[in-house]
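Colleague: Have a look at this one.
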Amino acid sequence: MRVVKTGGDKLNAFLKGIKKPLPFKDIEVGFFSEAKYQDGKPVAAIAFFNEFGTKNIPERPFFRNANEAVKKPAVDLVKKRFNPALNQLITIETAGLVGVLHTNTVQKSITDLRTPANAPSTIKHKGSDNPLIDTGEMRRSVTYK
């Protein structure tokens, strides 16, 4: 017995349509060059020093924690919004929602991270025991493109 495929034009067109490039390449979340403290220091640099630590600052992996925490909710969001009739896996609107979700997750991670704690002298100086919040500028500066 020989099987011959005939027809399937609509299916083939749909499959070819999915291969079309999306109208964007990536969703970037983080601290961009325009974000600066009042003294001109880039927020990205201070965030990096806090994320990975320095000789005088312990490692506080708020961004890595957020990246891990956002994986499942972001995938669930994309799956929920997938519409095969659109011939693409993710729309600009969905990408924006993923960007907002990830931004909010990073901001929550900055707020919630409590260890390692600040030194007593640091707590006294800034009037707070939250290790990653002093002026709040780093938290406010998280965004997406």
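The values are calculated or read from the model by the stated rules, or taken from the named source; none is laboratory data. If you're wondering where the values come from, they're calculated on a predicted model, not measured in any experiment. Ideal geometry is used to build each Cβ from the backbone, glycine not excepted, and the neighbour counts take in all protein chains shown. What goes into the accessible areas is simple: the full protein's heavy atoms, side chains included, and nothing from ligands, DNA or RNA. Shrake-Rupley method; radii C 1.70, N 1.55, O 1.52, S 1.80 Å.
Colleague: Keeping all protein chains in place and using 1.4 angstrom, which order do 92, 110, 123 fall into by accessible surface area, from largest down? Numbers along the way, then the final one.
Modeller: Details: 92 100, 110 0, 123 55 Å².
From most accessible down to least: 92, 123, 110.
Colleague: Related question: Work out how much length residue 124 to residue 41 would gain on full extension: take 0.36 nm times their residue separation and subtract the Cα-Cα distance, in nm to one decimal. Before the final figure, lay out each step's value.
Modeller: Values: separation 83, 0.36 × 83 = 29.88 nm, distance 2.31 nm.
Extra length available between residue 124 and residue 41 comes to 27.6 nm.
Colleague: In percent, what relative contact order does the stretch 92-143 have, based on Cα pairs under 8 Å that are 6 or more apart in sequence?
Modeller: On the way: 33 pairs, mean separation 21.2, N = 52.
It rounds to 41 percent for the stretch 92-143.
Colleague: In Å and whole numbers, how far do the C-alpha atoms of the stretch 22-145 stretch along each principal axis, longest first?
Modeller: That gives 59, 28, 23 Å along the principal axes, largest extent first.
Colleague: So for 98, 43, 75, what's the accessible-area order with a 1.4 Å probe, most first?
Modeller: Working: 98 20, 43 0, 75 75 Å².
My answer, sorted largest first, is 75, 98, 43.
Colleague: With the cut-off at 25 Å, tell me which of the pairs 36/71; 36/145; 71/126; 72/145; 71/124; 36/80 have Cα atoms farther apart than that.
Modeller: Pairs exceeding 25 Å: 36/71; 71/126; 71/124; 36/80.
Colleague: Then there's this: Using 7 Å Cα-to-Cβ label points, what is the residue 52/residue 64 separation (nm, one decimal)?
Modeller: It is 1.1 nm.
Colleague: Turning to a different aspect of this structure: DSSP loop GluC sites (Glu not before Pro) in the stretch 49-145 with at most 13 other Cβ atoms within 10 Å of their Cβ, which ones?
Modeller: Details: sites: 51, 59, 68, 93, 137; in loops: 59.
Here the sparse-neighbourhood loop sites are 59.
Colleague: Sorted by accessible area (1.4 Å probe), largest first, how do 111, 135 line up?
Modeller: Largest to smallest exposure gives the sequence 135, 111.
Colleague: Still on this structure: Full extension from residue 28 to residue 78: what is 0.36 nm times the residue separation minus their Cα-Cα distance, to one decimal in nm? Spell out each step's value before the answer.
Modeller: Working: separation 50, 0.36 × 50 = 18.00 nm, distance 1.61 nm.
Full extension of this stretch gives 16.4 nm more.
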